[in-house]
Structure formats: structure tokens, C-alpha cells
1. Just need a number here: residues in segment 29-73 that are among the polar types (S, T, N, Q), more than 14 Å from the chain's Cα centre (by Cα) and either loosely packed, with under 11 Cβ neighbours inside 10 Å or modelled with pLDDT under 80 (or both).
2. Sort out which residues of segment 1-15 are modelled with pLDDT under 85 and farther than 29 Å from GLU32 by Cβ, and write them in order of number.
Amino acid sequence: QHSGVRTAIVVDVERIADACGFAVPYYELVDERPVLDAAHRKATDDKYASLLKRNRSSIDGLPALESDHPMPRRPA
């Protein structure tokens with residue numbers, strides 16, 4: 001389980017544009033990048049709690065999804 005998670009947001013759209021995909025390169029997932037988890041492990045509990053509080057709403061003031069993930073694990 002990661003301390004940083006991503007979210008899928010569902011929206012209604014009226015118009016889209018797409019491409020044929022002929023020039024789109026192949027993509028192969030090798031591994032997840034450890035940067036976010038490493039940054040969260042470095043932060044103090046107070047700093048991490050402040051981050052969770054700050055991210056409770058969007059830059060437009062809209063409510064964000066509820067944070068249900070725990071504080072990151074600290075090395076023993």
C-alpha cells in the first residue's frame with residue numbers, strides 16, 4: 001500500500017478529439033517510481049498530517065476525496 005494514491009475522476013464531456021495512434025510509441029511498465037513513497041517517508045508525522053489537511057480541497061475550493069490512507073511507514 002502506498003501513502004500517495006491517485007484518483008480517477010469521472011466527468012461528462014460534450015466534445016472530444018482523438019488521433020489515429022500511428023505515431024504513439026509502445027509503453028512497457030517496468031516498475032513504479034519510488035520517489036513519492038520516499039518523500040513521504042522523509043516527512044515528519046506533523047508535516048505529513050499538514051499535507052493531508054491541505055489536500056482536502058482543490059485549488060478551486062471543491063472538496064477532495066476523503067483521505068483514508070495511513071501515515072507512511074518509517075524505517076525501524
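1. 1
2. Scanning segment 1-15 gives no hits.
The values are calculated or read from the model by the stated rules, or taken from the named source; none is laboratory data. Computed from a prediction, not measured in an experiment: that's the story for all the values here. All Cβ positions, even for glycine, are placed from backbone atoms using ideal geometry, and neighbour counts span all protein chains on display.
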